[in-house]
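Worksheet: the structure to be examined is printed underneath.
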Amino acid sequence: MEEMNVNIEKEILQLLKEKGELTVSFLTRFLNERGVECTRQKVERTLRNLSQAGKVEFFYRNGNHRRHYRLVR
């Protein structure tokens, strides 16, 4: 289970590096397209952990109440 979380973290960081800022729904979609089986809830939990670790940051754009995530510079 721990190895799977690390794999999801690496994939999320790679996606954010490649594509810039993304929402949870797009991250989940791209992860599933890459063959990483995960749910939106698992992606949100992983992003929350990455945010607390200072690796990613979130912000709101255009008042649509969706969090956008990007790598911390």
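The values are calculated or read from the model by the stated rules, or taken from the named source; none is laboratory data. Because the structure is predicted, anything quoted here is derived from the model rather than measured. Please note: Cβ atoms are built from the backbone with ideal geometry, for glycine as well, and neighbour counts cover all protein chains shown.
Residue check: is E57 of a type in the set (D, E), surrounded by fewer than 13 Cβ atoms within 10 Å (Cβ to Cβ) and at negative phi?
For E57, the condition - of a type in the set (D, E), surrounded by fewer than 13 Cβ atoms within 10 Å (Cβ to Cβ) and at negative phi - is not met.
Search the stretch 17-46 for residues that are more than 14 Å from F58 (Cα to Cα) and modelled with pLDDT of 95 or more and pair each with any residue that is surrounded by fewer than 16 Cβ atoms within 10 Å (Cβ to Cβ) and of a type in the set (A, V, I, L, M, F, W, C) when their beta-carbon atoms are under 7 Å apart and the residues are at least 6 apart or on different chains.
Here the result reads K17/L71, each pair linking the stretch 17-46 to a residue that is surrounded by fewer than 16 Cβ atoms within 10 Å (Cβ to Cβ) and of a type in the set (A, V, I, L, M, F, W, C).
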